[in-house]
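Please read the structure below before turning to the comments.
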Amino acid sequence: MTTPPQGNRFGFKDLGIGIGLRTVHYPHILSTWPKIDWFEVLSENYLDTGGRPAWVLDQVAERYPVALHGVSMSIGSTDPLNREHLRKLKALADRTKAHWVSDHLCWTGVLGRNTHDLLPMPYTEEALAHTIRRAKQVSEILERPLVLENPSSYVEFKGSSMPEWVFLARLAEEADCGLLLDVNNVYVSSFNHRFDPVKYIDAIPADRVVQYHLAGHTNKGTHIIDTHSDHAIDEVWDLYALSCRRTGLVATLYEWDDDIPAFDVVVAEARKAEAFRKAVSAPDRRGPAPRRPAMSAL
Amino acid sequence: MRLASLQRWMQAVVVHPGTTAEALRSREARAHLKPARLESVLLPSKTLSAAQRIAIYQEMYPLRMRDALASDYPGLEHFLGPRFWDFVTAYTKAHPSMGYTLNRLGDQVPAFLARQKALKPAGFLRDLARLELAITESFDSPQADLLSAEDLEAMAPARLGRARLLTAPSLRLVSLEWNAGAYLDTVRDEKHDHPRPRRSRSFTAVVRRNYSVYRFPLSEAAFLVLTDLQDGCSIASSVERAMGRRGSRRAAAEDFAGWFRTWTAEGVFSGIRRGRASAP
């Protein structure tokens, strides 16, 4: 019998299986307080409002564990860090007793502008040193380790001198960051850039993974767009199963952000993760056998 | 290419409102990279050229801006119909998002529309935008406890005149020259029975109560009294000023009890700052 890996180096809890807190689900959540392990909260939606979103978040945070997930930290941007944003983010994390604060390995704008897109980094030594320096600063300001998510991307830079997984692993080690491993993003980028997603998963420092993201995407034939608008495909679940074997039980979240169905549909999709988690927590019990995703699909 | 230059080039391409070819040829993009050298920065894939790959980002940018503005300005989107796209393009070029949230993207829409000549009827559109901005501002305003009728009645009459009523942070007072409020009322109306734009003077209070935003009409005299109170005037001076005005701007003594009762019930006030007792 093999012993499953235990925990991450930060001591962040395995919160179980959660979903994103979304406006369309507010009435259902507030009227039923449904059984779900935890919620992920899109930070920027709650930083500058004193209205209903803030009130709902406070109600949710009183009853469920939450983690904050942002889209505008722009950790890779060559603009200065937005300290007002970080100060508010810390206050929100303190208020909601967020288990951790995550954002994306990306940049969202320069020259003071925000495109509100998760734009990809070139994987160069210059970009790595720049991002490490900023990630350390952010962790200091937030007074907690920053957790960064691998992006999905649609372009590759000719100047990149290392693959994304090496960049991410080095960044995490040298800036002492946690990782939010989005296995759908790994799949999307592996399709778009024709790399082996298993190689990516195997290169990630397992003890730094504090959260998983799972989601659906839209395959356009020539490329895949990370739309978060559907069920996850089998290949993504296979990657999740493979990665769980390396990391042990880690908080897992299903993202559904476009064409959002009823709360119970999203939760049912998220709960598919349960079978893979059981296989990790009790390897001798019968569970879905991890498969190597069919590379022919890529 | 250095990181800073690469990011400035990519942003210039992504936010350009034209085709990708035009974006790559734009002055802002060419300052960092000549179009012919595109593949020295971006790799093609087996299925897409380098230009097609960056086009994915460039095509998503206006959709994101449109969704954000449509969310805050549903009336404007409804009225402009297909012209809303041109509006979004022109607006985001003049006022790109400079913050970490899209919630503030539309803050300059009323001012922007005031400068536009092509979009008509200009006065109606500006009023519609002002009203919709007031609603989103009210929605996001800080939460505050509201003054109850009992709180107001508990104050000794001798002190009431000098007291200042604190208006709720969510209160927005909007005077309109066009029938923008009536139009906005019908935007979600499936019968599509929308009034045609016409000049029609009206006064509206926008306020949030129990985390929902409400609008209620005001007379001009009541609007001016609430404006004075919001500006920090004492109750006595607001009443005095209101009774000293002329025509439709003038309030009668008997108006005030009903107004204050209604406004308190609507959640207009968040507190009362006591004044000194009047001399006997």
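Any read-out appearing in this document is the output of simple, stated calculations on the displayed coordinates, not a laboratory observation. Note that this is a predicted model, so its numbers are computed, not measured. All Cβ positions, even for glycine, are placed from backbone atoms using ideal geometry, and neighbour counts span all protein chains on display.
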>> Around A:Arg134, under 14 Å between beta carbons, what's the net of Lys plus Arg minus Asp minus Glu among the other residues?
In response: -3
> Say a paramagnetic label sat at a point 7 Å from the Cα of B:Ser248, along Cα to Cβ; which residues of region B:179-195 have their backbone N under 18 Å from it?
Replying inline: B:179-183
>> Give me the one-decimal nm value for the distance between modelled label points at B:Arg201 and A:Asp79, 7 Å along each residue's Cα-to-Cβ direction.
In response: 4.4
>> Show me the three semi-axes of the equivalent ellipsoid for region B:87-242, from the C-alpha gyration tensor (sqrt of 5 times each eigenvalue), largest first, rounded to whole Å.
In response: 33, 19, 16
>> When the expected Rg is taken as 2.2 N^0.38 Å, what fraction or multiple of it is the alpha-carbon Rg of region B:33-89?
In response: 1.59
>> Cross-link candidates for A:Lys136: which aspartates and glutamates have Cα within less than 15 Å, leaving aside residues fewer than 8 places away along the same chain?
In response: A:Asp103, A:Glu173, A:Glu174, A:Asp176
> So for the pair A:Thr23, A:Met162, with labels modelled 7 Å out along Cα→Cβ, what separation do we get in nm?
Replying inline: 4.0
> In chain A, which whole DSSP H runs stretch at least 18 Å along their own axis (Cα) and average 1.0 or higher on the Kyte-Doolittle scale?
Replying inline: none
> So for the pair B:Ser40, B:Ala111, with labels modelled 7 Å out along Cα→Cβ, what separation do we get in nm?
Replying inline: 4.1
>> Can you classify chain A as rounded, prolate or oblate using the Cα gyration tensor, where a ≥ b ≥ c are the square roots of its eigenvalues, rounded means a/c under 1.5, and otherwise it's prolate if a/b beats b/c and oblate if not?
In response: rounded
> Which loop-located trypsin sites (Lys or Arg not before Pro) does region B:56-132 contain, where loop means any DSSP state but H, G, I, E or B and the Cβ has at most 12 other Cβ atoms within 10 Å?
Replying inline: B:Arg115, B:Lys117
> Straight-line reach from A:Lys272: which lysines have Cα under 29 Å away, leaving out those fewer than 8 places along the same chain?
Replying inline: A:Lys13, A:Lys35, A:Lys97, A:Lys199, A:Lys220
> What length, rounded to one decimal in nm, is gained on full extension from B:Ser219 through to B:Arg83, with 0.36 nm per residue of separation minus their alpha-carbon distance?
Replying inline: 45.5 nm
> Is the protein assembly as shown rounded, prolate or oblate when judged by the Cα gyration tensor, a ≥ b ≥ c being the square roots of its eigenvalues, rounded requiring a/c under 1.5 and prolate requiring a/b larger than b/c?
Replying inline: prolate
> Highest GNM mean-square fluctuation, chain B, Cα pairs closer than 10 Å: which of B:His95, B:His78, B:His192?
Replying inline: B:His192
> Excluding B:Pro121 itself, what net charge comes from residues whose Cβ is under 10 Å from its Cβ, given Lys and Arg +1 and Asp and Glu -1?
Replying inline: +4
>> If I take every Cα pair under 8 Å that is 6 or more residues apart in chain B, average their sequence separation and divide by the length, what percent do I get for the relative contact order?
In response: 17
>> Please state the shape class of chain B: rounded when a/c is under 1.5, otherwise prolate if a/b exceeds b/c and oblate if not, all from the C-alpha gyration tensor.
In response: prolate
> Expressed as an acute angle from 0 to 90° and rounded to the nearest 10, what is the orientation of the C-alpha long axis of helix B:255-266 relative to the principal long axis of chain B?
Replying inline: 50
